[in-house]
Amino acid sequence: MRLVELDDQIHILEPQADAQTVLRNIIETGIQEDAFYVLDVGDIVKKHKEWKIKMPRVEPFYAVKCNDSLIVLEVLAALGTGFDCASKGEINKVLSLGVDPSRILFANPAKLKSHIHHAANQGVDLMTFDNECELHKVKNFFPSARLILRIRCDSTISQCPLGMKFGCDPLTEAPHLLEVANSLGLNVVGISFHVGSGCQDPPVFERAITAARNLFDIGLHLGFNMNILDIGGGFPGNKGTSIDKIAEIVNSTLDLHFPPSEGINIIAEPGRFYAASAFTLATNIHSKRDSVNNSMYYINDGVYGSFNCILYDHAVVSPQPFMVNPKPVTKLQPASVWGPTCDGLDQVVDNCLLPPLDIGDWLIFEDMGAYTLPVASQFNGFPVPKVHAVIDEALWLLLKDRHPLTEEHFTMDSGPYWAESWNQTDSIAQIPSFLLNDILD
Ligand code: ORX
């Protein structure tokens, strides 16, 4: 049996396989112990297609902070998206892929002066601001930058509100800031907003785009060449969610206030839309404590690792059991799931129903691509899970020569999951039905 090695290449899938088959097969080698991700590159491509179809006028600038895994960035660069970077580090990461600086938006309204200086040196000249101090900073360090004024317009419900920290008031502050920018001789080119991450209030986009239109007119009146509207992020990305309603409202409001004839560039900063559903995490149950009618399962990833999203992203995660030696499930019982560190805070699921599970069984978590990996630490010495990326053959043919992807990014070696001891017929009988759903449909 080969040793399981999760590497940095994208593995081309065998004809009948998909991301879930691979996940299952890695587990069934019987030698994988560490938690690991399967990254379904096809899911990212599918999202991009969906975006293009549903909001054809809006050019996505992927929010790198959401998941800065190299493969994600390379695939998106190959697909032709722009990038929203929050810092010098993110700018460097995107530039290192060979992405042109014109495809980068420095979308942090509160920037370090050295980072502004760096952006200037690198030719990244598009950036956001929302206050007067920032204007003076830009005046000093990058006076020719193209500036986008970020206004505040909050979703009534969102997973992570942002308005308390960023965005000026569109009525009381924004006109004044445009005047200050004008008096400083700066170059304002557009308006942006972020309604809140994980927006559950699609009509907020109508309110925000309408507010942006008013400020466009004020900017034009002041003599600015207003040519960019940036509708920010907030688009959901988990399996089973939809951007249909948001897209419908965005499209109709754009047609009303920013008709195509005006030639304004419409951009957005989606993060979780692209990244969330592409990553599935497999965690191993390494310990458990049973009491009457309740089990505590300890897995090898927790809130200091991937599940930081529970604390920082207000994520609610749901475990799906994968039994190594399946027995017929006759009952579900109350359970809690805990991370591997010695901290009592390190709880992944407070209360759920699971079949009785053994040490060595696995818990699978879907939709783990957004705001997980870039934040994860090795607290208590537990490694951050590695990522096993897969792509099907047709997509590989499509992407393999698209810059920055090259043949070297891919491997035909199907990797660890065709271990010699694997017996397909046996294992299919063991698979919970959720793993048989075709997620690429
Ligand atoms: O920084 C953060 O924690 C997260 N910021 C989201 C964000 C996005 C796009 N542009 C800017 C942002 O701040 C300027 C992406 O948003 P989304 O993923 O919703 O499309 C928000 C909170 C995450 N914990």
task: Keeping to the range 172-190, report how many residues are in contact (Cβ under 8 Å) with a residue 12 or more places away in the chain and either over 22 Å from LYS139 (Cα atoms) or outside the structural domain of PHE258 (by TED's automatic domain parsing) (or both).
output: 0
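Results for (1) at positive phi; (2) basic (Lys, Arg), shown as yes or no for each residue.
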| site | (1), (2) |
| --- | --- |
| ILE157 | no, no |
| MET164 | no, no |
| ALA174 | no, no |
| GLY185 | yes, no |
| PRO202 | no, no |
| ARG207 | no, yes |
| PHE216 | no, no |
query: Checking ILE359 against (1) in contact (Cβ under 8 Å) with a residue 24 or more places away in the chain; (2) loosely packed, with under 15 Cβ neighbours inside 10 Å; (3) out of contact with any Ser or Thr (no Cβ under 7 Å at 6 or more places or on another chain), which test does it fail?
result: (3)
- prompt: If you scan the range 162-190, which residues turn out to be part of a loop (DSSP other than H, G, I, E, B) and under 17 Å from ASN227 (Cα atoms)?
  reply: LEU186
- request: Mind listing just one residue for me: the one in the range 400-410 that is touching a strand residue (DSSP E or B) at 6+ places or on another chain (Cβ under 7 Å) and within 18 Å of GLY80 (Cα to Cα) and, of those, surrounded by the fewest Cβ atoms within 10 Å (Cβ to Cβ)?
  value: LYS400
- request: Can you tell me which residue among LYS88, LYS47, LYS54 is surrounded by fewer than 22 Cβ atoms within 10 Å (Cβ to Cβ), closer than 16 Å to GLY237 by Cα and at pLDDT 95 or above?
  value: LYS54
task: Scan (1) closer than 30 Å to GLU28 by Cα; (2) surrounded by fewer than 24 Cβ atoms within 10 Å (Cβ to Cβ) for the single condition ALA276 breaks and write down its number.
output: (2)
- prompt: In the range 377-389, is there at least one residue being over 19 Å from the mean Cα position of the chain (by Cα) and surrounded by 21 or more Cβ atoms within 10 Å (Cβ to Cβ)?
  reply: no
Single residue of ASP100, ASP130, ASP125 found to be within 15 Å of the ligand (Cβ to nearest atom), at pLDDT 95 or above and charged (D, E, K, R): ASP130
message: Step by step: first the residues of the range 191-220, then only those that are in a strand (DSSP E or B) and in contact (Cβ under 8 Å) with a residue 60 or more places away in the chain, then the one that is nearest to the ligand (Cβ to nearest atom). Which residue is that?
response: SER197
- prompt: Among (1) farther than 30 Å from VAL324 by Cα; (2) among the aliphatic types (A, V, I, L, M); (3) surrounded by fewer than 23 Cβ atoms within 10 Å (Cβ to Cβ), which single condition is ILE31 missing?
  reply: (1)
message: If I go through the range 353-404 residue by residue, how many of them are in a loop (DSSP other than H, G, I, E, B), among the aliphatic types (A, V, I, L, M) and not assigned by TED's automatic domain parsing to the domain that holds TYR312?
response: 0
message: Of everything in the range 135-149, what is surrounded by 23 or more Cβ atoms within 10 Å (Cβ to Cβ) and within 26 Å of ALA211 (Cα to Cα)? Give them in sequence order.
response: VAL138, LEU147, ILE148, LEU149
- request: Name every residue in the range 221-230 that is among the hydrophobic types (A, V, I, L, M, F, W, C) and within 16 Å of the ligand (Cβ to nearest atom), in order of residue number.
  value: ILE228, LEU229
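The values are calculated or read from the model by the stated rules, or taken from the named source; none is laboratory data. Since we're looking at a predicted model, the values are computed, not measured. Note: ideal-geometry Cβ built from the backbone for every residue, glycine included; neighbour counts use all protein chains shown.
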